[in-house]
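Have a look at the structure below before the remarks.
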Amino acid sequence: MDTATTTIQKVMQLGWEAYEKVRPLPTHVREAVKAIIACRTKALGGHVQGCPDGHFTRHWYNSCKHRLCPQCAYILVERWLRKQKARLLGCDHYHMIFTIPHQLHGIWLHNVKPMTNLLFLTVRDTLFNFMADEKHCGAQPGIISHRWRSGAGWFLAPAKTRHAAALHGGDDQIPGQIARPSGPGN
Ligand SMILES: [Zn+2]
C-alpha cells in the first residue's frame, strides 16, 4: 500500500471483510464501515455535473453522507463551523452556561416551563448584579440568553441549562463610554 495516499477508506476496503469474520461488531458500526467503504465509489452510483450550454461535463460518484465518514464529515464540519461563526456576536463577549443543581432535576421534570423562566430570571439578575458591582464593572451589560436545543435530545431530556452571551463591558451612564470589567488585561 502506498502510505502517501493511504486513507481510512482504503484500509477498510482492504481489511474489513477479513476483520468482520473474526470480530462481531454492533449493527451501527457495521453500517458506518459499509458506508465509508462505498463512499464515492461505483457502489453508490453517480451523477453528472455540467454547464447549461454543454461546454463541460464531469462525472462524480455519489457520497455516503455518513456522519462518521472522513470524506463526508469534513464537509459537514466545515459547513457547521461556517454557520456557527455567522451566529457569533461581532464584538467582545463571554459565553456562559448556567444550570440547576442535580438535586432539583426531579422537580424540574414536572415543572419545566416555570422553572425555565425562573432559571432565565436568575441568570439575568446574577449577571446584572455581578456586573453592576463597582468591584467588577459598575455597568449594565448587554445579554443574550437562550436554551440549547439539540435535535431529538431535546424531547428526551429537556434542557436544564441556559446559555448566555454577555458583552465584555456595559453601559455605565456616561455618554459615549463603555465600562469594562476589572481584572487582568483590562
Ligand atoms: Zn462518505
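A compact table of results
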{"item": "Pairs, first of a type in the set (S, T, N, Q) in segment 64-75, second near the ligand (Cβ under 8 Å from one of its atoms), C-beta under 6 Å, six or more apart", "result": "Gln71/Cys39"}
{"item": "Condition met for Leu89 (more than 12 Å from the ligand (Cβ to nearest atom), within 30 Å of Ile144 (Cβ to Cβ) and among the hydrophobic types (A, V, I, L, M, F, W, C))", "result": "yes"}
{"item": "Cys39 vs. criteria of a type outside the set (Val, Ile, Thr) and within 15 Å of the ligand (Cβ to nearest atom)", "result": "yes"}
{"item": "Ile8 vs. criteria over 30 Å from Gly142 (Cα atoms), touching a Pro at 6+ places or on another chain (Cβ under 7 Å) and not assigned by TED's automatic domain parsing to the domain that holds Thr122", "result": "yes"}
{"item": "Whichever residue in segment 43-59 is of a type in the set (A, V, I, L, M, F, W, C) and surrounded by 11 or more Cβ atoms within 10 Å (Cβ to Cβ) and, among such residues, is nearest to the ligand (Cβ to nearest atom)", "result": "Leu44"}
{"item": "Residue selected from segment 18-41 under the condition under 17 Å from Thr7 (Cβ atoms) and of a type outside the set (A, V, I, L, M), by the criterion surrounded by the fewest Cβ atoms within 10 Å (Cβ to Cβ)", "result": "Tyr19"}
{"item": "Only one of Leu81, Leu68 that is surrounded by 11 or more Cβ atoms within 10 Å (Cβ to Cβ) and either more than 14 Å from the ligand (Cβ to nearest atom) or not basic (Lys, Arg) (or both)", "result": "Leu68"}
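The values are calculated or read from the model by the stated rules, or taken from the named source; none is laboratory data. This structure is a prediction, so every number in the text was calculated from the model and none was measured. As a convention, Cβ positions derive from the backbone with ideal geometry for all residues, glycine included, and neighbour counts pool all protein chains shown.
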